[in-house]
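The values are calculated or read from the model by the stated rules, or taken from the named source; none is laboratory data. As the structure is a prediction and not an experimental result, all values here were calculated from the model. Counting neighbours? That spans all protein chains shown, and the Cβs are built from the backbone with ideal geometry, glycine included.
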Amino acid sequence: MSRKHITQTTQADVVIKSKRRCALCVGLNDDLSEKPGQIAHLNGDNSDSRFENLVWLCLEHHDKFDSKTSQTKNYTSLEIRSYRDKLYQQYSNSNYTVDDVRQVREYLTKYAPVFEYVFHEYEELAFKIYDNMFEELTAIRDFWHTNTLRSFNPAVREIQDRIANSVVGICALYEIDKYDGVGNWIRFAGDRFPQQILVEKRREARMYVDEIANYWKQLQQIAEGNG
Ligand SMILES: [Zn+2]
């Protein structure tokens with residue numbers, strides 16, 4: 001069975017939605033503490049890396065679930081799935097205050113232009129960017145931790161911090177070498193970068209943009225009251 005890579009975005013979804021709480025620890029023992037663990041494939045097919053097929057399990061439960069030699073009746077995927085869904089629901093119902101939601105809306109309004117640009121231009125991001133957009137990104141990179149829109153709610157703040165981390169990654173794509181200003185654009189000097197490096201940068205940019213898009217969607221859900 002070939003193991004298919006779980007995308008960063010999907011991995012983040014699993015750890016964020018479960019908050020690293022093991023579905024079996026919670027479901028069987030009401031143990032809501034954070035657990036070191038692993039992502040397990042519910043249907044046993046390691047190539048099936050859809051979010052729906054994945055669950056966070058502590059190391060002990062992961063081993064038991066995986067074990068094929070157990071004499072006792074093993075945990076079934078159906079039962080784990082049911083605990084997992086309850087766990088996700090429990091956390092998704094956690095209340096955001098009116099202030100939390102208002103602040104998330106402000107954040108979305110303020111950063112919509114730069115991130116919509118990023119989502120739209122991701123193909124180009126690895127080698128050119130409007131300099132005013134680049135300034136917005138470096139402002140997030142350099143001053144995010146003192147930003148007044150950084151939430152006091154830990155769940156919101158974690159999502160926002162992950163966006164800021166991906167922004168750091170995007171900015172770093174430009175800074176491994178000097179860039180030239182060409183009119184309104186900041187652009188890598190193409191002749192300094194062999195094709196292979198540009199392809200690699202583009203792939204990396206795409207990864208960061210996908211991550212931001214995923215977190216952005218989660219913030220939109222909070223802003224709409226469905227977080
Ligand atoms: Zn467990």
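Tally time: how many residues in segment 122-144 are outside any loop (DSSP other than H, G, I, E, B) and of a type in the set (Gly, Ala, Ser)?
The qualifying residues number 1.
State all residues of segment 15-59 that are assigned to a helix (DSSP H, G or I), surrounded by 17 or more Cβ atoms within 10 Å (Cβ to Cβ) and either touching a Cys at 6+ places or on another chain (Cβ under 7 Å) or hydrophobic (A, V, I, L, M, F, W, C) (or both); if no residue qualifies, say none.
If the condition is that a residue be assigned to a helix (DSSP H, G or I), surrounded by 17 or more Cβ atoms within 10 Å (Cβ to Cβ) and either touching a Cys at 6+ places or on another chain (Cβ under 7 Å) or hydrophobic (A, V, I, L, M, F, W, C) (or both), then Ile16, Ala23, Leu24, Cys25, Val26 are the ones that fit.
So, in segment 20-38, how many residues would count as being among the small types (Gly, Ala, Ser), more than 8 Å from the ligand (Cβ to nearest atom) and touching a Phe, Trp or Tyr at 6+ places or on another chain (Cβ under 7 Å)?
Going through segment 20-38 one residue at a time, the tally reaches 1.
Rundown of residues vs (1) farther than 18 Å from Gly225 by Cα; (2) touching a residue at least 60 places away in the same chain (Cβ under 8 Å), yes/no style:
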{"site": "Tyr88", "(1), (2)": "no, yes"}
{"site": "Thr97", "(1), (2)": "no, no"}
{"site": "Asp100", "(1), (2)": "no, yes"}
{"site": "Tyr107", "(1), (2)": "no, yes"}
{"site": "Phe119", "(1), (2)": "yes, yes"}
{"site": "Glu123", "(1), (2)": "yes, yes"}
{"site": "Ile129", "(1), (2)": "yes, no"}
{"site": "Thr138", "(1), (2)": "yes, no"}
{"site": "Ile170", "(1), (2)": "yes, no"}
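Taking the stated definitions as given, is Ala189 among the aliphatic types (A, V, I, L, M) and at pLDDT 90 or above?
Values: among the aliphatic types (A, V, I, L, M): yes; at pLDDT 90 or above: no.
Spelling it out, it is not the case that Ala189 is among the aliphatic types (A, V, I, L, M) and at pLDDT 90 or above.
Looking at segment 99-117, can you tell me whether even one residue there is out of contact with any Ser or Thr (no Cβ under 6 Å at 6 or more places or on another chain) and in a loop (DSSP other than H, G, I, E, B)?
No, that holds for no residue.
Given Lys17, Lys64, Lys110, Lys128, which one is of a type in the set (D, E, K, R), more than 15 Å from the ligand (Cβ to nearest atom) and more than 23 Å from the chain's Cα centre (by Cα)? Before the answer, list the steps.
Values: Lys17 fails: more than 23 Å from the chain's Cα centre (by Cα); Lys64 fails: more than 15 Å from the ligand (Cβ to nearest atom); Lys110 fails: more than 23 Å from the chain's Cα centre (by Cα).
Just a single option satisfies the conditions, and that option is Lys128.
I need a count of the residues in segment 116-131 that are over 21 Å from Gln220 (Cα atoms) and β-branched (Val, Ile, Thr). Lay out the reasoning, then the answer.
Taking segment 116-131 first, the residues over 21 Å from Gln220 (Cα atoms) are 123-131.
From what's left, β-branched (Val, Ile, Thr): 129.
Result for segment 116-131: 1.
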